[in-house]
Amino acid sequence: MIRRPRVPAPEDFTAPSHSPLVTARLGLWLGVAFGLCFGTGLLSHYIQHPPGWFTWPTRPVNLYRVTQGVHVLSGVAAIPLLLAKLWSVYPRLFVRPPVRQPIRLSAHALERISVLVLVCAAFFELVTGLFNVAQSYPWGFFFPTAHYAVAWLVVGAMLLHVAVKLPVARAALSTPLRRRRAVQAATPGVDDRDSSERRAFLRTSAGVAGIAVLATAGVTVPWLRRVSPLAWRSASGPQGVPINRTAAAARIAVPPDWRLEIVWPGGRDSLSLADLAALPQRTAELPIACVEGWSASAHWTGVPVVALLRRAGAPTGRPVRVTSLETDGLYAASTLPAVHARDPLTLLALRINGEQLSPDHGYPCRLIAPSRPGVLQTKWVARLEVLR
Amino acid sequence: MRAVRLLLFVVGAAATAYGGSLLLPQLGTAMPWLIGGPVLHDVLVAPLVGLVGLALGRLVTNRFRRAWIVAGLMASATLLLIAVPLLWRPPSAPPNPGLPDRDYPLGLAVGLAVIWAAIAVVLVVAATVDRRVADRRTDRP
Ligand code: HEM
C-alpha cells in the first residue's frame, strides 16, 4: 500500500498513550515535580538573596541539604515525565487552527503561544539545571539569574495551561483508568486492551522517573552513593569532602602575618591563627550542601562565631558579614543572618575530620554554619564585620 | 470552577510577565536554549519515537513483551540524556578539579546493562510460564 506523504492529523495517532486520561495524569505528576522544583528553588534563592521579611531556620542542620536535594532530584524525575507528557500530546501539535472563525482563531493562537512558552521554559530549566550540576556552561548567559527568571515563566505558563485544561483534566482525572470488572467481563475487546496499555504507559513513565532518581540520588543520599552511576559528585575528595573552588582557582595567597579581623560599630579586634587555636574549640558534624544538590557531611572543629564575638566584646544577635581573602568573585563574602550568627553551631572552623584545613578547604579558617548553601560557607576568612 | 480558572489565569499571567521581565536582559543569549528544546523534540525526537514505535509494533507482536521492551528503551534514553553533560564537556567549562570524579562511561554502561538484564529475566520467566500453561492445556484430555 502506497500512501502519499502528508502532514499527519491528530486522528492518525491511535496509540492509547495519547488519551487525555494519560495526559492528565502525567500532567499532574509533572505539576508536582515542577512545583517541588519551584518551591525549593525559591527558598534557595531567598536564602542567598534574602528579602527583609525572610528568615531561614538553622535547625535541622540538614534542612538546606534536604530542600536542595529535593530540588535537583525532582528536576531529574521531571525529565522522563516531560518527555512522556509531550509524547502523549504530540498529536495535538497537528490540530488544524479554526481559520474561518476569527474569535476562536485568536483564542487558539493565544493558547498555542502560552503552551509554547511552557514547553520552551520547561526544557530550558531541565537542560540548564542538568548542565549546571555538571559545572558545564556551554552558553552565554549567567546561569543563576536565567534559571531563576525562567522558573517564573514555567510556573506562570503552567498555571495558564491548567486554567485552560481544567475541564478536560478534571473529567480525565475522575475517570478511573481501570474499567470495572463487570463491564470488562461483558465486553472484552479494544477498550479493555487500550485501558491496559494506558496503565502500562503510565506505570512505565513513573518507573523510569524512579530509575532516573536512583541513578543520580547518590549525590546527596549517603546510602545511594555507591548505587547511583550518574551521580555528578561522589562524597570523596581531599580530607573526605569534595571541593568546588580550589585555592589556586580563587588565587589565594595566605600572608605569613595573617590575622583574623573582627570589626563592629565602635570597636575592632584581631587574632592570629595561634590565638584562634588556643580558644576553646567545638566539634560539630555539619554538611556542606551545595546549590548543585550534592552534599557531604564532615566533622568540623573550630571556634563558634558567637563565642568569638562575645570574647572580643562585640555585640551578638546581629547579622555578620564574613569576608574572604579572595579579592574577586561572587562568593568572596557572605552575610550570616542574625539567627545563624548567634547559633553556637556556626563555627569558624580550623580543622576538618581531625586534620588542619587544607588550602583548598579554606586554610587558615573557614565559615561553616548549619542549614546553609555551600556557596555561603565562605573559605579563607579574613574578616568578620558585625552589621547594625 | 469559573472562579478557580479565572484566578489561575490572573496569577499565571502575572507570574509569566514577571519571569519575562526578569529574563529580558538575557533574552538574546537565552533564546537558542529556549527554542532549542521544543524544536529538537517536535521535528526530531517525537517522529523518531513514532517510527521506533511503529517498527516495534511490527517486529514484536506479543504485547507483554513489547511493553517491557518499550520500558527498557524509555529508561535507556533517560539515562543517556542525564549522562550527556557528564560525558560531553565543552571547552567553555571552567576548570573544576575533582569533577567529574567518576568513570561515567563505565557507570552508564553498567546501568544500561542492569536494566536490560532485568528485562531479559522478566521476558524469559514470562515465556517459560506461558509455555508451562500452554503445555498443561494441551496435556488435558
Ligand atoms: C511543565 C509542565 C507541563 C507541560 C510542558 C505540558 C505540556 C502540554 C502540551 C504541549 C499539551 C498540548 C496542548 C494542546 O492541547 O495543544 C498539553 C495538554 C494537556 N495538559 Fe499539559 N503540560 C504540563 C503540565 C500540566 C499539568 C500540571 C496538568 C494538570 C493536570 C496538565 C494537563 C493537561 C491536559 C488535561 C491536556 C489536554 C490533553 C488533551 O486535550 O488531549 N498539564 N500539555
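A compact table of results
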quantity: Neighbourhood charge, 10 Å Cβ-Cβ cut-off, centred on A:Leu21 and excluding it, Lys, Arg +1 and Asp, Glu -1; calculated: +2
quantity: Most mobile listed residue (A:Gly69, A:Gly41, A:Gly266) in chain A, GNM with C-alpha springs under 10 Å; calculated: A:Gly266
quantity: Relative contact order of segment A:10-224, pairs being alpha-carbon contacts under 8 Å that are 6 or more residues apart, as %; calculated: 35 percent
quantity: Under the span-like rule (Cα at least 20 Å along the axis, Kyte-Doolittle mean at least 1.0), DSSP H helices of chain A; calculated: A:20-48, A:63-89, A:102-133, A:143-173
quantity: Sorted peptide list for B:14-25, A:332-343, criterion being average Cβ within 10 angstrom, highest first; calculated: A:332-343, B:14-25
quantity: Test item: B:47-53 mean partner chain Cβ contacts at 10 Å; calculated: 2
quantity: Net charge of Cβ neighbours under 15 Å - reference A:Ser205; Lys, Arg +1; Asp, Glu -1; calculated: +4
quantity: Per-residue mean of C-beta atoms belonging to partner chains within 10 Å, peptide A:223-230; calculated: 4
quantity: Shielding by partners, peptide A:251-262 (average Cβ within 10 angstrom, other chains); calculated: 0
quantity: Cα convex hull of segment A:233-317, projected area averaged across orientations, nm²; calculated: 7.5 nm²
quantity: Computed helical MRE - 222 nm, the protein assembly as shown, DSSP H runs ≥ 4 contributing -39500 (n - 2.57), nearest 500; calculated: -18500 deg cm²/dmol
quantity: Spatial separation of Cα centroids for segment A:216-270 and segment A:59-114, in angstrom; calculated: 36 Å
quantity: Chain A, relative contact order [Cα under 8 Å, separation at least 6], %; calculated: 19 percent
quantity: In Hz, Karplus ³J(HN,Hα) per residue of segment A:290-300 (6.51, -1.76, 1.60; θ = phi - 60°; x = Gly, Pro); calculated: 7, 4, 7, x, 7, 8, 7, 8, 8, 9, 9
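No lab work stands behind these numbers, since they all come straight from the coordinates. Computed from a predicted structure; not experimentally measured. Counting neighbours? That spans all protein chains shown, and the Cβs are built from the backbone with ideal geometry, glycine included.
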